[in-house]
Amino acid sequence: MADGDDGRSERSGFSEDIQAKIGNQLKSIYDSVLDEPVPDRIAGLLKQLEQAGETSKNRGRE
């Protein structure tokens, strides 16, 4: 991103310092999401996708 003469990013309108502060605040808010367990429904869907992928790989070997 190019900075203007006033130190602001032309894309966002915020200085790099402000962007860094916003980024750090968002990171601290969303870091806790990583510690949450995967919902059973999502885990089941992921398992189905994995099994479908394995099935298609096995068909390609025949």
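Every read-out reported here was derived from the displayed coordinates using simple, explicitly stated rules and does not represent laboratory data. All values derive from a computational prediction rather than experimental measurement. Note that we place each Cβ from the backbone using ideal geometry, even for glycine, and neighbour counts take in every protein chain shown.
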Given H placed on each backbone N at 1.01 Å, which residues far from Phe14 in sequence or on other chains put an amide H within less than 5 Å of it? Ser9
Going Cα to Cα from Lys47, which lysines come in below 28 Å? Please leave out same-chain ones fewer than 8 positions away. Lys57
Where does each of 41-53, 24-36 land if you order them by average Cβ count within 10 Å, highest first? 41-53, 24-36
Backbone HN-Hα couplings from phi across region 43-51 [Karplus 6.51/-1.76/1.60, Hz, Gly and Pro as x]: 4, x, 5, 5, 5, 4, 4, 4, 5
